[in-house]
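Take a look at the structure set out below.
Please treat every number below as a calculation from the coordinates, not as lab data. Just so we're clear, the structure is a prediction, and the values are computed from it rather than from any experiment. Note: ideal-geometry Cβ built from the backbone for every residue, glycine included; neighbour counts use all protein chains shown.
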Amino acid sequence: MANTPYPESYYAASANPVPARPALQDDVETDVCVIGAGYTGLSSALFLLENGFKVTVLEAAKVGFGASGRNGGQIVNSYSRDIDVIERSVGPQQAQLLGNMAFEGGRIIRERVAKYQIQCDLKDGGVFAALTAKQMGHLESQKRLWERFGHTQLELLDQRRIREVVACEEYVGGMLDMSGGHIHPLNLALGEAAAVESLGGVIYEQSPAVRIERGASPVVHTPQGKVRAKFIIVAGNAYLGNLVPELAAKSMPCGTQVIATEALGDELARSLLPQDYCVEDCNYLLDYYRLTGDKRLIFGGGVVYGARDPANIEAIIRPKMLKAFPQLKDVKIDYAWTGNFLLTLSRLPQVGRLGDNIYYSQGCSGHGVTYTHLAGKVLAEALRGQAERFDAFADLPHYPFPGGQLLRTPFAAMGAWYYGLRDRLGF
Ligand SMILES: Cc1cc2nc3c(=O)[nH]c(=O)nc-3n(C[C@H](O)[C@H](O)[C@H](O)COP(=O)(O)OP(=O)(O)OC[C@H]3O[C@@H](n4cnc5c(N)ncnc54)[C@H](O)[C@@H]3O)c2cc1C
């Protein structure tokens, strides 16, 4: 059987020791079968185990093989859509519930790291950087909006203050969220997997779910085994393929690329980001960056609709990095990699049930490190019969991409081109 390794990345090269996990070669019974060992699957598994469920996780490749082991590592709270847009779409009551939850994912990560002593270079502090006065005005109104939902920790940064936290001349101001921050994403996933196993959960790697037999007692088939469960959680996100055709129609895998410089040394690293906060700018096609534990700059940006892997990632991302930090012109790029996230048309997560016993959460459209941790909690609540928060997500409307499977990629790329142009022209 094929053995899928981690893609080459800085994270794979600096991962904490990874135990060998077997492929499923048997028939097993469990309370909950989780498909996918990224943050959504692992967070769900952990909350379920903590609540007395028996859990079996099936992972097609390795723990954290997908976006969870490749991302920018930025703990960005809230959703990929502003809460006022959500409010206009779903009304004040549902928006209130979603707004209340918007900063919970960051807290869950910190609780997990502390409780299970996960070594993942956790740092506090995330900055949203404004490139134009219009973007700064948007941050100001976002801050006021979040305060209405009781989230009062956000701090606006004027041009002088933002220079103190990031040595980039492009920004006119920004907003600091000390409940944001950053992590080594693969080590977070590996630590969560170890926590799952410490509570009696079982994780099978190299065990893709290839078929789901639906019904009162559903069965998930892998190439060499099967899992009979009371419930199934589908958490394969952008790597799920067509296992559940209902889910594929309203979402689209997209690639995004990341580079890691050589280690910069303490002095240069501190000169770029003195407080070691992570930064993302406010463009639609945004750039994001941060320092690693060993003082490299991780820089991400760019989207490839339809998730084709670009031939030369460094050629796409390095110019973006040099635009922000021309002082890095002689710095070597040690790693470059790509990963897939799942886009929905509304940019809001796609959550729901198929029948009584198959649950899913996917498609958080780029900002998923915190949301996926929250999703695990909300899914576990729903399986325990407390579905109010789950339903707040499940009731979000979703629509198929225009153009269907064939034309959705060029249509989405056209949309992104338009928004990219708006970013460049500043309107
Ligand atoms: C390059 C990149 C940078 C990003 N940067 C950030 C960031 O800085 N901050 C942020 O908030 N978000 C970021 N994101 C988004 C974030 O990483 C994702 O939203 C999040 O990790 C999704 O987690 P997940 O568990 O839902 O999916 P994934 O982590 O993709 O996990 C899905 C898992 O399911 C497995 N799987 C799929 N199908 C099957 C099957 N049939 N059987 C068994 N297993 C299966 C896959 O192998 C995979 O391991 C980034 C994404 C990418 C790609």
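In which sequence would Ile83, Ile203 go, from the one with the fewest C-beta neighbours within 10 Å to the one with the most?
Values: Ile83 20, Ile203 25.
Fewest-to-most Cβ neighbours within 10 Å comes out as Ile83, Ile203.
For region 1-100, how big is Rg over Rh, using alpha carbon atoms and the Kirkwood form of Rh? Walk me through the intermediate numbers first.
Values: Rg = 17.9 Å, Rh = 16.6 Å.
Answer for region 1-100: 1.08.
Among Gly41, Gly137, Gly191, whose mean-square fluctuation peaks in a Gaussian network model of the chain (Cα, cutoff 10 Å)?
Gly137
Pairs of alpha-carbon atoms within less than 8 angstrom and 6+ residues apart define the contacts here; what relative contact order does the chain have, in percent?
Values: 930 pairs, mean separation 101.5, N = 427.
Relative contact order of the chain: 24 percent.
Check Tyr359: other-chain or 5+ apart residues with amide H under 5 Å from its amide H, H built from backbone geometry?
For Tyr359, the qualifying residues are Ile232, Ile233, Val234, Leu354.
Counting only the backbone N, which residues of region 44-85 are under 16 Å from the spot 7 Å out from the Cα of Ala13 toward its beta-carbon?
70-71, by backbone N distance to the label point.
If you filter region 254-353 for trypsin sites (Lys or Arg not before Pro), then keep DSSP loop positions with at most 13 other Cβ within 10 Å, what is left? All intermediate terms of the calculation are to be shown ahead of the outcome.
Numbers: sites: Arg270, Arg290, Lys295, Arg296, Arg308, Lys320, Lys323, Lys329, Lys332, Arg347, Arg353; in loops: Lys295, Arg296, Arg308, Lys329, Lys332, Arg347.
Loop-located and lightly packed - Arg308, Lys329, Lys332.
Please state, as a whole number in µm²/s, the translational diffusion coefficient that the Stokes-Einstein equation yields for region 214-322 at 25 °C and 0.890 mPa s, with Rh defined as the Kirkwood radius across alpha carbon pairs. Write out the running numbers ahead of the final one.
Values: Rh = 17.4 Å.
Once the numbers are plugged in, D ends up at 141 µm²/s.
Per the helix-only calculation at 222 nm, which mean residue ellipticity applies to the chain, given -39500 (n - 2.57) for every DSSP H run of n ≥ 4 and division by its residues, nearest 500 deg cm²/dmol? Kindly include the intermediate steps, with their values, before the conclusion.
Working: 14 runs with 150 residues, N = 427.
Taking each H run of at least 4 residues, the total per residue is -10500 deg cm²/dmol.
What are the ³J(HN,Hα) values, in whole Hz, obtained from phi via the Karplus relation 6.51 cos²θ - 1.76 cosθ + 1.60 with θ = phi - 60°, for each residue of region 89-98 in sequence order, with x given for Gly and Pro?
7, 10, x, x, 5, 5, 4, 4, 4, 5
Please give me, ordered by residue number, the GluC sites (Glu not before Pro) of region 150-191 that lie in loop per DSSP and have at most 13 other Cβ atoms within 10 Å. Let's see the in-between values first.
Details: sites: Glu155, Glu164, Glu169, Glu170; in loops: Glu169, Glu170.
Taking region 150-191 and a limit of 13 other Cβ atoms within 10 Å, the loop GluC sites (Glu not before Pro) found are Glu169.
What value does the chain have for Rg/Rh, both radii from Cα atoms and Rh as Kirkwood defines it? Write down the numbers at each step before the final one.
Numbers: Rg = 20.7 Å, Rh = 21.8 Å.
Radius of gyration relative to Kirkwood radius: 0.95.
With a 10 Å Cβ neighbour count serving as the proxy for reagent exposure, in which order, fewest first, do Tyr204, Tyr11, Tyr6, Tyr116 appear? Numbers along the way, then the final one.
Values: Tyr204 23, Tyr11 27, Tyr6 19, Tyr116 15.
In increasing order of surrounding Cβ atoms, one gets Tyr116, Tyr6, Tyr204, Tyr11.
Whole-Hz ³J(HN,Hα) for each residue in region 39-50, computed from phi via Karplus 6.51 cos²θ - 1.76 cosθ + 1.60 with θ = phi - 60°, x for glycine and proline: what do you get?
Taking θ as phi minus 60°, the curve returns 4, 4, x, 5, 5, 4, 4, 5, 5, 5, 4, 5 Hz for region 39-50.
What are the residues whose amide H is under 5 Å from the amide H of Val210, where those residues sit 5 or more places off or on another chain and H is modelled from the backbone?
It is His221, Thr222, by chain and number.
What full-extension length gain, to one decimal in nm, is calculated for Asn100 and Glu213 as 0.36 nm per residue of separation minus the Cα-Cα distance? Write down the numbers at each step before the final one.
Details: separation 113, 0.36 × 113 = 40.68 nm, distance 3.66 nm.
Here the segment from Asn100 to Glu213 would lengthen by 37.0 nm.
Report the full-extension gain for the segment Arg353 to Leu145: residue separation times 0.36 nm, less the Cα-Cα distance, to one decimal in nm.
Working: separation 208, 0.36 × 208 = 74.88 nm, distance 3.10 nm.
That pair, Arg353 and Leu145, stretches by 71.8 nm at full extension.
What number, in percent, do you get for the relative contact order of region 146-292 if the mean sequence gap of Cα pairs under 8 Å and at least 6 apart is divided by its residue count?
19 percent
Starting from the alpha-carbon convex hull of region 103-199, give the projected area averaged over all orientations, in nm². Before the final figure, lay out the partial values.
Working: hull surface 28.9 nm².
Taking a quarter of the hull surface, the average projection is 7.2 nm².
Ranking Thr56, Thr372 by Cβ neighbours within 10 Å, fewest first, what do you get?
Details: Thr56 23, Thr372 27.
Least to most surrounded, the residues fall as Thr56, Thr372.
Roughly speaking, what is the centre-to-centre gap between region 28-84 and region 337-404 when only Cα atoms are used, to the nearest Å?
12 Å
Once a ≥ b ≥ c are taken as the square roots of the eigenvalues of the Cα gyration tensor of region 91-160, is the result rounded (a/c under 1.5), prolate (a/b larger than b/c) or oblate (a/b not larger than b/c)?
Numbers: a/c = 3.13, a/b = 1.30, b/c = 2.40.
Judged from the Cα gyration tensor, region 91-160 comes out oblate (a/c at least 1.5, b/c at or above a/b).
Can you say what percent of the DSSP beta bridges in the chain, counting only those with both residues inside, are antiparallel? Round to 5.
On the way: 48 of 70 bridges.
Here the antiparallel bridges make up roughly 70 percent for the chain.
At 0.36 nm per residue, minus the direct Cα-Cα distance, what do Met178 and Asp266 gain on full extension? Give it in nm, one decimal, please.
Details: separation 88, 0.36 × 88 = 31.68 nm, distance 2.23 nm.
This chain segment gains 29.4 nm when fully extended.
Would you grab the residues whose amide H sits under 5 Å from the one on Gly225? Only those 5+ places off in sequence or on another chain, please, with H modelled 1.01 Å from N.
Excluding prolines and chain starts, which carry no amide H, there are no hits.
From the backbone phi of region 55-64, what are the Karplus-calculated ³J(HN,Hα) couplings (6.51 cos²θ - 1.76 cosθ + 1.60, θ = phi - 60°) in whole Hz, Gly and Pro given as x?
Once rounded to whole Hz, the list reads 10, 10, 10, 10, 10, 4, 10, 9, 3, x.
Take Arg107 and Gln386, extend 7 Å from each Cα along the Cα→Cβ direction, and tell me the distance between the two endpoints in nm.
For the pair Arg107/Gln386, the computed spacing is 1.3 nm.
What distance in nm lies between label points placed 7 Å from Cα along the C-beta direction at Gln117 and Lys329?
With each label point 7 Å from Cα toward Cβ, the separation is 4.9 nm.
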